[in-house]
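*Asks:* This is the structure I have questions about; it appears just below.
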Amino acid sequence: MIKLIAFGDSLSAGFQLPAAAAFPAVLEKELRREGYRVAVANAGVSGDTSSGGLARLDWSIAEGADGLILELGANDMLRGIDPEVTKAALGAMLQTLKSRNIKVLIAGMRASPSLGKDFKARFDAIFPDLSAKYGAPLYPFFLEGVAGERGLTLADGIHPNAAGVERIAQGILPSVRALIGEIGNKTGGAR
């Protein structure tokens, strides 16, 4: 059994959704339907920032974890936190996970244009830069196909509804399959 962890904020936690409709549960269901022997733990905390994630990383990631989907940064962006602070915290997490031999898939985020061109450029560069530096695969935008789509978000226009979570899971699935493939090479089999 491969043990994955969805480590993130409300987008992973399943803000205002039943547990079975949260991203980790939907992703696990899809992977199992494809024949993978996998469990996806929900380590999402609503409102979490990259610095908050770094502070809880060691006690949140149980021994025996094989892989992790790192989905943080949206709250940093919404709060206008300096992108260098976000990048440093995410980098420290990637370094720690690498030292623990846990494979990581970075789930990227993109800044809202309303924050200005400079902030957007600096924020959007965080995820590809970290992917290159740590050799961790990158899914460029966690909310791909969902952001700005009224029918796929809750009334707040930000958080995905159940259909939005299904869309996110389908979008990221090829990247997660590749992650499992890397883990399978380490553990002797993925299915």
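Just so you know, all these numbers are worked out from the coordinates, no wet-lab data involved. Computed from a predicted model, the values in this text were never measured in an experiment. Virtual Cβ from ideal backbone geometry, glycine too; neighbours counted across all protein chains shown.
*Asks:* Given the chain, what percent of its DSSP beta bridges are antiparallel, to the nearest 5?
*Replies:* Approximately 5 percent, going by the DSSP bridge assignments.
*Asks:* Within the set K29/K133; K3/K120; K3/K98; K98/K120; K29/K98; K87/K120, which residue pairs have Cα atoms separated by over 24 Å?
*Replies:* Violating the 24 Å limit, Cα to Cα: K29/K133; K3/K120; K98/K120; K29/K98.
*Asks:* Something else now. Compute the length gained on full extension between A162 and R150: take 0.36 nm times their separation in residues and subtract their Cα-Cα distance, giving the result in nm to one decimal.
*Replies:* 3.1 nm
*Asks:* A follow-up question, please. How high is the relative contact order of region 1-78, given as a whole-number percent (alpha carbon pairs under 8 Å, six or more residues apart)?
*Replies:* This gives 46 percent for region 1-78.
*Asks:* For the chain, what does the helix formula give at 222 nm: sum of -39500 (n - 2.57) over DSSP H segments with n ≥ 4, over the residue count, nearest 500 deg cm²/dmol?
*Replies:* Rounded to the nearest 500, the figure is -15500 deg cm²/dmol.
*Asks:* What's the magnitude of the charge dipole for the chain around its Cα centre, counting Lys and Arg as +1 and Asp and Glu as -1 at the beta-carbon? Answer in Debye, nearest 20.
*Replies:* The calculation lands at about 440 debye.
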